[in-house]
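These notes concern the structure reproduced below.
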Amino acid sequence: MTLIIPLLILLPLLVGLGMFLAGTKAESLVGLALGASGLVLALSLLLLFQVCGAAVPDSATNGATIIARAVYAPDWLHIRLPVSVGGHPIYWHLQFGADGIGALLVLLTGIVGFVTMIMATHQIRERLVSYLALILITQSMLLGVFLSMDLLSFYLFFEAVLLPIILLINGWGDKAESLKASRKFLLYTLVGSVPMVIGLIGIALQSATPVRPSTVSLELLSAIAKENQLAAINASPGDALNSVSTLASKDQWIAWILLLGFGIKLAILPLHTWLPTTYAAAHPNTTALIASVVAKLGVFGIIRIVIPLTPLALSTYAQMLFGGLGAVAIVYGAFVALSQSDMRKVLAYSSISHVGFITLGLMSMNSEGLSGAAIQMFNHGIITCSMFLILAMLEQRRGPVSLDDEDCGLASIYPKLAVMMVFFTLAGAGLPGLNGFVGELLAMTGMIRVSGLFTAIAVLGTVLGAWYGLRIVQRVLFGSNGEGKSKVHAQVNGDLKATEFAPLLALACICLFIGVRPQDSMDLIENDIKRIVSVSEPSSKAVHSEIDQLAQTQP
Amino acid sequence: MAPAITLILGGSLLLAASLVLKSGKARDVHGQRNGMAVASLVLLLVAAILGWIRVVPDDLGQGLFRFDAAALASERLALLGGLILILMSWSTAPRAHLGEYYGCLIIMIGAVPVVGASNDLVSLFLGLELISIPTYIMLGIVKNDNAGAEATIKYFLLSAFASSFFLLGVSYLYGFVGSTNLQVIQNNFATANRLTSLALVLVMCGLAFRVTAVPFHFYAPDVFEGTSLTMAGIMSYLPKVAGFVALIRIMGTGLNSQTLEIVVPVLFVCSALTMFVGNFFASAQNNLRRLLAYSSVAHTGYLMLAMTALLRENADPNVLYSYLAAYAAMTLGFFACLGEIEAAGGKTQLVGDLSGMFYRRPAASIGMTVCLISMIGLPLTAGFWAKFLVFMGTVAAGTKDPLSIAMAVVMAFNAVIAAGYYWRVLSKLFETSDAFVPLRVFRPSLFVAYTICVVLTLVWFFVPAVM
């Protein structure tokens, strides 16, 4: 069972590299790619069960807040650098493992990868083998990020995701736009991620003391962070050396640098401009992968690194700022989505709006908010992936979909597609009983304990979310005159084939399952969230005395 | 000193051989070319073996030369670069002047360990000049046209100018201590005053020319444009190694805080300017040669930042050596790929000339892709660790001085600007073009050269400890 983790990372990587080098002529390799991706999905399910079944260490051995329940950390997996710092040679053990949150995202990667690959066999007409190979490589890099349990391998995979994604955007996107868009994506992401390495090195080097060499293990680092934080919060009032503000300002630059990097990846408001360009230029099938998983790397980074390792700096300097930005992003994204007519852009801005909810949940730093954010990562991944896949199928049948002139009631031509589209739009809008509701409600429940204002803005966003979602449905499926008839019957290219319909149906079942029984997925992440909250909540309360006042004044 | 002596003596022999070989119409050009290249490789091999079997005594002594870590590292870097450069030269060396070319190249390679092992200002200067003087000759013989002549004259005059700066600084150092022995000088750094700082800044100016740091970088684009690809490769690597090793030699240890207060800000400003000038000018270039020249300037900026960390933390100079090794693999590899395209009949003057090269010359294009990714500093290549180590050194120094962290951030943003123009070159390679003329001429030596570079770039990522 310990081999699941290396297999998950290496299998898609090796198959993908092999196929990529084999070139474009080997059409028979499509089956191999699908098989490999299916195997990854099966392995990710296995990992999920293993993590579910693993004994949860309730009070951690050394107070660590990040503990993997399935571990792969052999001795030979280490990095020795030709330098020594502070008298210790640099010798870092790399660790891979999965906790509940990681396992959930591994599953998401497995599902999205498999589904996008099945769809690609219908969508992609040229160089299909290379396309599938690149998706496999992307999958491997993403799994590497979600499974890494140390800063170094986290960063390595985080950076390496860029390469296959750029090739995917560039090679199969819009002919005129994709070069510019991929360059913008590359530069934006690098502006965030290259400085990020400075922050990560800072964390690693700060962990070194004269008796203890530096470490990159998240488990050890989180234990150290918790220890430092407890010392700061419990310090006597006159003790300026150990006070909360001293520790916060010491970690301040690290928190800022990391938040910049992750903020760009999750397209937080002023840093979001790469997102619409990229989503509009890439093939919608590629966008399904980027929007559902790659954009989640930022959220994952914050929940995995920023919150557990620099909690005081985060809550002192950035909690309210980022919470506010998240709330504004919800409304801003929704309004822009309402005013766009290109459906790719509508979905792109709706993605910005939805990620705002996740940010809101993260910045509440309490258990409701964090579980909401973690669940919503998965939910939004599934929903946005389905929406972009549906868009891809529409575009394949009718060319670019614009809400202005596509006034034609496609529902009567493509009934199955219409059903799916309505379903996922409702899930995205947060209809109770579907998965979008669970995450967004939890995120807002968390935030209301921190700031009533932000929550009020967010609630406004849910209304707007339903508005732009239904606007898509109305314009594209039913036409503004509501006749439900197509004006251009000649272009009809048939409804969904069985192999197109089945993946969407499976995704819909997942949406429904989580919507009806959220408890199962909550159980998976409950313990991990509880441990993270044990550092994040005290620190946000130590800094913001007004937190929880709203909850207490209720009758 | 056995390897350095072997190389310098061997180089002199090759120089002398040119007198004997060159004769009449019966001259066997191919035989001479292959013979010279093989002879150079044999010399390199002998030097490497001599270096391998050398027993370093425990007491390194106080003499003209000392075999400490810097000496060994510089020797390794010289041999590594030398191997790639000789392979690159095999098919590109000027046929009329084979003996002079290889002789000068071998002497330059041998001079790097002389600089690295020097424990005396005089021997250090000797080593530096042993690199400069052959460069003048080679610049003159590889390209015998107006641009070549301009490049040669420019380099010669500026080099002489820089040497005089260096000598002025050295004379102050001598005046201050009364000895040219570096250990004696370093022992006296503890009581250093403003004058010592002035001397060190002058020395830095002199060396800034060799490492192409701003404001002594002006010659680089012109010279790179006006000379052959192989020569540009030589000039972007060997003087840079020698310059940085000399910097480590002279000021690597023992500076007191009063001196650091002057030297470190100077290095900071110089490094920031070098990065910005290099990267901004490279972004604006459409001429590939000038772009590479400015990119080499930018890399100098990163190395100078590593230098500041080294001065203050007494951190491992390995940061610099590792960066230079990765730099050798990626830059020389890139030049070798360009050289192969040129040898096969393609043009490499402008960035646009590379359009669609992946479909015309796949192997070289894949090589260039790896080298460019390494220059951007993305994972799976040695360039990632090179930048990582510089960041690490700077952050380690930053525990005492926030300015150092700020400089690390400046470098990070510069790396992003650099990614912009490297990506421009990279995307050109894969552009679908109409001119689908495959370039079929095969040059085994150049192919081997860039294969070595690409393999090293990839392997070093997985085992950075041996970089």
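What follows is calculated from the coordinates using simple rules that are stated; it is not laboratory data. The structure displayed is predicted, hence computed values, not measured ones. Positions of Cβ are generated from backbone atoms using ideal geometry, with glycine treated the same way; all protein chains shown enter the neighbour counts.
Averaged across A:183-189, how many Cβ atoms of other chains sit within 10 Å of each residue's Cβ atom? Walk me through the numbers before you get to the answer.
On the way: counts 5, 0, 0, 9, 5, 1, 2.
Neighbouring Cβ atoms belonging to other protein chains average 3 per residue here.
The distance linking the range A:285-299 with the range B:162-197 is 59 Å (Cα centroid to Cα centroid, whole angstrom). Across peptide B:394-400, the average count of Cβ atoms from other chains found within 10 Å of a residue's Cβ is 5.
Using the rule -39500 (n - 2.57) for each DSSP H run of four or more residues, divided by the residues of the protein assembly as shown, the 222 nm mean residue ellipticity is -24000 deg cm²/dmol.
Spatial offset of the range A:209-249 relative to the range B:253-287 amounts to 35 Å, using the alpha carbon center of each. Near residue A:266, the amide H atoms lying under 5 Å from its own belong to A:298; only residues 5 or more places off or on other chains count, and H is placed 1.01 Å from N. Per-residue shielding of A:252-265, expressed as the average number of other chain Cβ atoms within 10 Å of the residue Cβ, stands at 1.
Among B:427, B:89, A:214, which comes first, second and so on when ranked by fewest other beta-carbon atoms within 10 Å?
Numbers: B:427 17, B:89 29, A:214 22.
Sorted ascending by nearby Cβ count, the order is B:427, A:214, B:89.
According to the Cα-based calculation, Rg over Rh for the range A:4-553 is 0.97, with Rh computed by the Kirkwood formula.
Taking amide H positions as modeled 1.01 Å from N, with prolines and chain starts lacking one, the residues under 5 Å from residue A:83 and 5 or more places away or on another chain are A:90. Once the Cα atoms are used to define both axes, helix A:367-398 deviates from the longest principal axis of chain A by about 20 degrees. Derived scalar couplings between HN and Hα for the range A:265-271 equal 5, 8, 6, 5, 3, x, 9 Hz in order, rounded to whole Hz, by the Karplus curve 6.51 cos²θ - 1.76 cosθ + 1.60 (θ = phi - 60°), x for Gly and Pro.
On a 25 Å Cα-Cα criterion, which of the cross-link pairs A:184/A:416; A:184/A:345; A:226/A:265; B:154/B:240 come out too long? Working shown, then result.
Numbers: A:184/A:416 37 Å; A:184/A:345 16 Å; A:226/A:265 27 Å; B:154/B:240 18 Å.
Where the Cα-Cα span goes over 25 Å, the pairs concerned are A:184/A:416; A:226/A:265.
Exposure proxy shown here: for A:351, B:18, A:217, the number of other Cβ atoms within 10 Å sets the order, fewest to most, as B:18, A:217, A:351. For the pair residue A:239 and residue B:403, label points projected 7 Å from Cα toward Cβ lie 3.4 nm apart.
When both the range A:375-447 and the range B:1-79 are represented by their alpha-carbon centers, they are found 70 Å apart. Estimated at 0.36 nm per residue, the fully extended path between residue A:526 and residue A:27 surpasses their Cα-Cα distance by 175.2 nm.
Amide H contacts for residue A:96 (H built 1.01 Å from N in the peptide plane; partners 5 or more residues away or on another chain; cut-off under 5 Å): A:72, A:73, A:149. Expressed as an acute angle from 0 to 90° and rounded to the nearest 10, what is the orientation of the C-alpha long axis of helix A:4-22 relative to the principal long axis of chain A? The helix A:4-22 is inclined about 50 degrees to chain A.
Need one word for the range B:280-467: rounded, prolate or oblate. Basis is the Cα gyration tensor (sqrt eigenvalues a ≥ b ≥ c); a/c below 1.5 gives rounded, then a/b vs b/c decides. Prolate is the answer for the range B:280-467, as a/c is 1.5 or above and a/b outweighs b/c.
Is any helix in chain B, taking whole DSSP H runs, at least 30 angstrom long along its axis by alpha carbon and on average at least -0.5 on the Kyte-Doolittle scale, and which ones? Don't jump to the answer; show the numbers that get you there.
Working: long enough: B:29-53 (36 Å, 1.45); B:69-90 (31 Å, 1.60); B:121-142 (32 Å, 2.02); B:146-177 (46 Å, 1.09); B:229-251 (33 Å, 1.46); B:257-284 (40 Å, 1.49); B:288-313 (38 Å, 0.60); B:402-429 (41 Å, 1.27).
Helices meeting the criterion: B:29-53, B:69-90, B:121-142, B:146-177, B:229-251, B:257-284, B:288-313, B:402-429.
Eigen-decomposition of the gyration tensor built on the alpha-carbon atoms of chain B gives equivalent ellipsoid semi-axes of 34, 27, 20 angstrom, largest listed first.
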